[in-house]
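Note sheet for the following structure.
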Amino acid sequence: MNHLLMALFAAALPADATQYKEPPAPIPAILDAAPAPTVRLSPDRQWLLVMERPALPPISEVGAPELRLAGIRINPRTYAGSRDAFMTGLKLIAVPGATPAAAKGKAPAKKATPAATLPKPVTVQIPAGRRIVQASFSPDSKSLAIILGADDGLELAVADVATGASRTLTEAKLSGVLSSPCSWSANLALVCLMRTEGKPPQKPVIPNGPAIQETRSGSAPNPTYQDMLQDPGDEALFEHYATSRPVRITLDGAAVPIGPWGLYRRAVPSPDGRYVLVQKISRPFSYVVPFTRFPATTEVWNSDGTLAKRVAETPLQDGIPISNDAVPIGPRDVSWRGGAPSTLTWAEAKDKGDPKNPATKRDAFMTLSEPFTAAPQTVVELEYRYDGALFGEDGSAMVTEGWNKTKRTRTWRLRTGAAPEVLFDRSSEDRYGDPGDFLLTQGTHGYVLLASADKKALYLTGTGASPEGDRPFVDSYDLLSKKTTRLFRSTAPRYEQPVAFLDAGRTLLLRRESVTEPPNYVLLNLATKAETRLTDFPDPTPQLGDLKPEVLHYKRKDGVDLTANLYLPKGYTKEQGPLPFLLWAYPQEFSSASAASQVSGSPYRFQRPQGASHLFLLTLGYGILDDPKMPIVGENGKEPNDTYVAQLVASAEAAVKAIVDLGVADPKRIAVGGHSYGAFMTANLLAHTDLFAAGIARSGAYNRTLTPFGFQNEDRTFWQAEETYMAMSPFAFADRIKEPILLIHGAADTNTGTFPIQSDRFFAALKGHGATAKLVFLPAEAHGYRARESVGHTLYEMANWLDTYVKNRK
């Protein structure tokens, strides 16, 4: 929304209505609390990096000047992303071995190390007045590269892992516009992108002429991207801020340029440090697609910056077909292979990237090794689209392919001199049948598949979806028999998520939590069951108490099994009578009823609402039905969205019936709400049912004709499925919405399809038909809301709306 429209919108309201407001207690105190830290394990598995995070930023920071160019938002002072997150502190914990068994021949009961004997952390020294933007371990795990944010740019510092002592290696000259500024090299140096020199160009205040776009031949359907270039002035600004130069920086601070100035998307050293993989973009720029689709050249350089191999020259990608299975023509996903000194891998479409073209093989998986003078080798041709590859130290590979339209995924094992073997061939929607992902470890040359000591088995870990909920696991996978052996599975009443093996199959690092225990990290010896606790992070918001959901199971009238998480206010009993309720949901498409019926999530997670979470309303006496499943199913090749409204209504009816029959919800005081596609759902339910007393729709799209080249998983265009687009658009049924609806939208929404004008025009339609509605634009906010003032005000509006039209409904 432009500044003039915002000013007119504000002028139409009383003065106090344009000020930020606070939600009722105890929500403000909870919002002001810093979240729990996150952690990262070092490559050698000997150190745990604890990254402390700040509370919500102020609007003065979120609303600071920024440039919106080619799909990115740039801080013009720092030459970095304007909305990048940061950390407030770093600590390092030495990872000890597991505690020995207490008694021979008998596994002791689980007992974590007392807090008094926890490993003492090493505090990393950070210069005053600096923010921690990124932190990464060196390949040998002895150093920590730290990107620091200063007022005028990004600096590079390095810290000694053993002592925490740090020193700055560069001035504030790094570029973080198109990529991460620095990457470690195997020779313990870093390849960094240094920002351009000179002053940025000034856009003319008075236009020199019109902005012109032209098309003559060839179709170029594209999603409705945000923040595109608008005119030659934008082009000049983008070119200035995106320009950088690759430089090799050693740990003594010496910096040597290794290439010319250019628009570099990345500069990544090979696993042995002898080469650098670079990708740079060039003109002509586009006004309809982001910089990721601009013309690009991918090259391999020698360590001194001379050209070793030009891998690909990709033209402007503004004509990729509208399909989730469509890809660009030419080499894509070019990267260094793990387990080899300097070998490239990439995928290349054999059907010109268009799923509509008939083809028995869709993709080829390619490889090319140093010195890059031979022809690329085709490792395997795939029936579906390439979806990733993992390599072992022995050169074997696990290659995954997938096809979104049919929801099929397949994993191959490839070995030199042996025929390809299919390990997994399954539906990507089948969470119960998901075998998990292969675990990796740091090898001689990058990350490789973690193998057992005898090299006969690999290890798998996954969420472990089941009818009882998610139960994360670790399996040993025998490569000969293709059978798995369960080594670990999370058990109630805890949720334990495997992070990594410290050694092959013996000591497991777990992230452990429960309804009453905040997430912390524990070492588990699988043989003895002995444990060593590594962290003791406290509950950041103890005011909330225990938030334990009850998982409800119920059926839709067409027989589809559904679930939802039921939350009730602290201390509530049914004797107090039925509650005012809020259903908060997000629809999802499926190709089968069986997949739609599978349970997801776990009732044993530690729940703490963050940001503008609807769960805060529990503190105000509301019951919450969180994530009631709203599946949109298209079986036997049928398009799910052709029956979107009917299925959505059926799911909502089933959810309302479940909580009313349980005796906890007052059927006359139930609201519905959601964010993004959940907001779209909310508006549709108010238009097509009388189930709800009110609705809350945040950052949604309401007129599908404004997203004519597809949305979500819909890959038909408006002109191919006009009836479906119109039937799904609540804007077309604004005259039917009689219940009060609150619309909230970030005025600087970045999400494809959810332009702020979606809420603006929908509100105008509602107003024109006499509906009870309120529209709140949050200045400077994107698709998700970040500023403390914005989050607090959002929760204030939600609470006030529900109190007025639901809780106190006559």
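For Tyr586, the solvent-accessible surface computed with a 1.4 Å probe is close to 100 Å², ligands and nucleic acids excluded. Averaging the sequence gap over all C-alpha pairs within less than 8 Å and six or more residues apart, then dividing by the number of residues, gives the chain a relative contact order of 10 percent.
In the assembled protein chains, Lys361 presents an accessible area of approximately 80 Å² (probe radius 1.4 Å). Counting only protein heavy atoms and using a 1.4 Å probe, the accessible area of Lys405 comes to about 100 Å².
Restricting region 691-767 to chymotrypsin sites (Phe, Trp or Tyr not before Pro) that sit in a DSSP loop and have at most 10 other Cβ atoms within 10 Å of their own Cβ leaves Trp719. Among the GluC sites (Glu not before Pro) within region 214-304, those in coil by DSSP and having at most 13 neighbouring Cβ atoms inside 10 Å are Glu214.
Could you work out [θ]222 nm for the chain from helices alone, using -39500 (n - 2.57) per DSSP H run of at least four and dividing by all its residues? Round to the nearest 500 deg cm²/dmol. Walk me through the intermediate numbers first.
Working: 10 runs with 98 residues, N = 810.
Mean residue ellipticity at 222 nm (helix-derived): -3500 deg cm²/dmol.
Just for the chain, what percent of DSSP beta bridges are antiparallel, to the closest 5?
Details: 148 of 176 bridges.
Rounded to the nearest five, the antiparallel share is 85 percent.
Where the alpha-carbon atoms of region 365-413 are placed on the principal axes, they occupy 40, 23, 11 Å, in descending order.
Could you do me a favour and compute the accessible area per residue for the chain, 1.4 Å probe, result in Å²? Show your work: numbers first, answer last.
Numbers: 35090 Å² over 810 residues.
Per-residue value: 43 Å².
Separation of region 698-762 from region 249-312 is 39 Å, based on Cα centroids.
Considering only the other residues whose Cβ falls under 10 Å of the Cβ of Thr724, what net charge follows from Lys and Arg at +1 and Asp and Glu at -1? Don't jump to the answer; show the numbers that get you there.
Numbers: positive: Arg704, Arg716; negative: Glu639, Asp642, Glu714, Glu722, Glu723.
In short, -3.
With only Cα atoms counted, region 457-542 has Rg and Dmax values of 13.9, 50 Å. Taking the Cα centre of the chain as reference, the dipole from Cβ charges on Lys and Arg (+1) and Asp and Glu (-1) amounts to some 1260 debye. What is the chain by shape, rounded, prolate or oblate, if you read a ≥ b ≥ c off the alpha carbon gyration tensor as root eigenvalues and call it rounded for a/c under 1.5, prolate for a/b larger than b/c, and oblate otherwise? Taking the square roots of the gyration eigenvalues as a ≥ b ≥ c, the chain is rounded. Counting only protein heavy atoms and a probe of 1.4 Å, the accessible surface of the chain is 52% carbon and sulfur. Taking the average, over residues, of other Cβ atoms within 10 Å as the packing measure, peptides 336-348, 413-425, 465-477 rank 336-348, 465-477, 413-425 from highest down. Protein-only accessible surface at a 1.4 angstrom probe places the residues Cys192, Cys182 in the order Cys182, Cys192, largest first.
Normalised by the number of residues in region 390-461, what is the relative contact order in percent for Cα pairs under 8 Å and 6+ residues apart? Working shown, then result.
On the way: 114 pairs, mean separation 17.0, N = 72.
Over region 390-461, the number comes to 24 percent.
The values are calculated or read from the model by the stated rules, or taken from the named source; none is laboratory data. Only a predicted model underlies this, so the values are computations on that prediction, with no experimental measurement involved. Cβ coordinates were reconstructed from backbone atoms using ideal geometry, including for glycine residues, and neighbour counts include every protein chain displayed. The accessibility values were calculated without ligands, DNA or RNA, using every heavy atom of the protein model including side chains. Shrake-Rupley method; radii C 1.70, N 1.55, O 1.52, S 1.80 Å.
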